[in-house]
1. In this structure, does B:Leu240 turn out to be among the hydrophobic types (A, V, I, L, M, F, W, C) and under 22 Å from A:Gly140 (Cα atoms)?
2. Kindly indicate whether B:Phe41 is outside the structural domain of B:Ser265 (by TED's automatic domain parsing), under 20 Å from A:Ala120 (Cβ atoms), among the aromatic types (Phe, Trp, Tyr) and in a helix (DSSP H, G or I).
3. Of all residues being of a type in the set (A, V, I, L, M, F, W, C) and away from every other protein chain (no Cβ under 12 Å) in the range B:134-161, which is farthest from B:Ala98 (Cα to Cα)? Just the residue, please.
4. Filter the helices (runs of 4 or more DSSP H) completely within the range A:241-321 down to those with at least 2 residues that are under 19 Å from B:Ala267 (Cα atoms).
5. Being out of contact with any Pro (no Cβ under 8 Å at 6 or more places or on another chain), at pLDDT 90 or above, assigned to a helix (DSSP H, G or I) and away from chain A (no Cβ under 14 Å) is true for just one of B:Leu95, B:Leu109. Which residue is that?
6. Working only within the range A:271-303, note down all residues that are touching a residue at least 40 places away in the same chain (Cβ under 8 Å), more than 18 Å from A:Lys80 (Cα to Cα) and surrounded by fewer than 24 Cβ atoms within 10 Å (Cβ to Cβ).
7. Looking at A:Arg204, A:Arg173, A:Arg211, A:Arg234, can you tell me which residue is of a type in the set (D, E, K, R) and within 30 Å of B:Leu264 (Cβ to Cβ)?
8. Name every residue in the range B:18-38 that is at pLDDT 90 or above, hydroxyl-bearing (Ser, Thr, Tyr) and either surrounded by fewer than 16 Cβ atoms within 10 Å (Cβ to Cβ) or in the same structural domain as B:Ala273 (by TED's automatic domain parsing) (or both), in order of residue number.
Amino acid sequence: MDIGLQQSISDVSQGRQSQTLTGKRNHTRRIEAVAESIFTLCAFFAVFAVGAITLYMIANGVPAVYRLGFREIFFSSVWKPAAEDPSFGILYVILASVVGTVLAVFLGVPVALLTAVFLAEAAPRPLAAVVRPAIELLAGIPSVVYGLLGMMILNPLMYRLELWLFHDASTHRFTGGANLLSAVLVLAVMILPTVISVSETALRAVPDQLRASSMALGASRIQTIFHVVLPAARPGIVTAVVLGVGRAVGEAMAVNLVSGGAVNMPLPFSSVRFLTTAIVGEMGYAEGLHRQVLFTIGLVLFGFIMLVNIFLHRLLREEEG
Amino acid sequence: MKAGSPDRFMEKETTLRKGEKSMFRKIKDAVAFTLIYLAAFYAVLLLSGIIFYVFAKGVPVLGLPFFTTVTSVVKGTVGIAGNLVNTVYIVALTLVVAVPAGVGAAVWLNEYAAPGRWERLIEFATETLAGIPSIVFGLFGMVFFGTTLGLGYSILTGALTLSLMILPLITRNTQEALRAVPESYRSGAIGMGATKWHMIRTILLPSAMPGITTGILLAVGRIVGESAALLFTAGSGYFLPDSGSGFFHKIMEPGGTLTVQMYLSMASADYDAAFGIAAVLLGIVLTFNLLLKMLARNKLF
């Protein structure tokens, strides 16, 4: 019995051992397979997300175009969603977004480029150590805070300017400072951090040899920066500007409070409504066709952003070679 | 310094003597340097102006009741306790969804994917996701999570929407961290008989931890500052959760974060509360920036 027991024990333990060995191998293999498929799933999550967003934006944005007609929406400038005979022309809204973005980029990019030059080329170390964190912080400030400051500081100043400029103009409709120009100024500030950090990286990637050669030929530091380094960094700077455009087009909350919000021709001193602010301002209570048109506006915005993204993607791939 | 026609160049050479020319150049350089310094100074001035102004206007509003009560006309209190709780809920839920997905995507891209069409597609999708404005995420979240999945206006809807938004941030930072892990770590682990998953779990992810943490800190900053994507997904409730109603009950209810509440305060011209919340938000942003700086200098791990 003793021997029998021992025998059986060793049998069992041997059997189990061999069983666990193959079992373990199978088990490991299964875990490996599960791990890989989970990672793959995670990776495709972004693709699903982009696909779903595209699908939903189109599915919700197109019906209004279908119901009202392309011209009625895109080539009409009358926006009266609540009227007896409602009209849903978003021409001015689109124009305001385009004009606002272009102006903000024109104002913001030169400052951003000069700051990037400062950080990459000109700044003594201790100064750069102050400026760079400051810019990182600017990027972190929530857009509503920019909106609050624009509302409390910029708008009153703008109103004074408006009073001074139009004090004897009889046709001007006063906006209390909430106008396109205010929005543009806020946007110009908000795109600074993005444009600065991306173009600084681009400037730093320019090989030192180029700088040395230029200086050796007798160019001054400034000449080297503006005639050699900046042109060499051009692809990266273009990327920075395009990123800035994307940010400016998509910004909603900050400009909502400083731009006035009436649907008007985008002139500097008129109250305007952007693609983004149209959605923020009315989505809360819009119903039926009105709501569908707001989704069309969202679709237009999404279209702009996709254009920017595709352009950006091309640029990045060119940069990589 | 455009390469002008040769005769223009000659003309210049004759009219300007050498001394004058270098003088002219020096002035031009000085002007350019001044502009460069002014631009940098402007950025710093802007930031310090913003911080100073917001704190000057906002800090007087702050006080213990501001943090511990809920705005109520009946009790005559103005407070953000409910919004603080909502913010914590949304941050936590968003991270719970986005961090595993983002880290997983980065691991796949770096460790499993063969360079090719799929890898490029995922890179493109991640890039695109990073470029989509938050208001579009808001619209999508409202119709997809809110209507199609039937979650309505709720903290869960808001968190799911935001998790799509911050996914690229997590993926990018993790990828960068994984790239920095030396190849010898991988071959060493595999050579010792570790399976791939074992190697990822015990070697790669711990080495990439600082990078992942950076991504998480950046994401928290983004979530705390977000408003457009939350306005139509998580809504704007500002009450404290009922005691004992439970976690799942709470996340199915609407709830506005600090930023959303700040926007609503501004829209209803309650500027005192808006500045108070702005000061709190700036405080949070500053803290997280400091944490990031410490992380970059290896002081957290």
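The values are calculated or read from the model by the stated rules, or taken from the named source; none is laboratory data. As the structure is a prediction and not an experimental result, all values here were calculated from the model. Methodologically, a virtual Cβ is constructed for each residue, glycine included, from the backbone with ideal geometry; neighbour enumeration extends over all protein chains shown.
1. On the way: among the hydrophobic types (A, V, I, L, M, F, W, C): yes; under 22 Å from A:Gly140 (Cα atoms): no.
In short, no.
2. Values: outside the structural domain of B:Ser265 (by TED's automatic domain parsing): yes; under 20 Å from A:Ala120 (Cβ atoms): yes; among the aromatic types (Phe, Trp, Tyr): yes; in a helix (DSSP H, G or I): yes.
Judged against the criteria, B:Phe41 is a match.
3. Going residue by residue through the range B:134-161, those that are of a type in the set (A, V, I, L, M, F, W, C) are B:135-137, B:139-140, B:142-145, B:149, B:151, B:155-156, B:159-160.
Of the ones still in play, those that are also away from every other protein chain (no Cβ under 12 Å) are B:151, B:155-156, B:159.
Working: B:Leu151: 18, B:Ile155: 15, B:Leu156: 13, B:Ala159: 9 Å.
Per the criteria, the residue is B:Leu151.
4. Working: elements: A:253-258, A:275-282, A:288-320.
It comes to A:253-258, A:275-282.
5. Details: B:Leu109 fails: away from chain A (no Cβ under 14 Å).
One residue alone meets the criteria, B:Leu95.
6. Answer for the range A:271-303, where residues must be touching a residue at least 40 places away in the same chain (Cβ under 8 Å), more than 18 Å from A:Lys80 (Cα to Cα) and surrounded by fewer than 24 Cβ atoms within 10 Å (Cβ to Cβ): A:Leu299, A:Val300.
7. On the way: A:Arg204 fails: within 30 Å of B:Leu264 (Cβ to Cβ); A:Arg211 fails: within 30 Å of B:Leu264 (Cβ to Cβ); A:Arg234 fails: within 30 Å of B:Leu264 (Cβ to Cβ).
Result of the check over A:Arg204, A:Arg173, A:Arg211, A:Arg234: A:Arg173.
8. Answer for the range B:18-38, where residues must be at pLDDT 90 or above, hydroxyl-bearing (Ser, Thr, Tyr) and either surrounded by fewer than 16 Cβ atoms within 10 Å (Cβ to Cβ) or in the same structural domain as B:Ala273 (by TED's automatic domain parsing) (or both): just B:Thr34.
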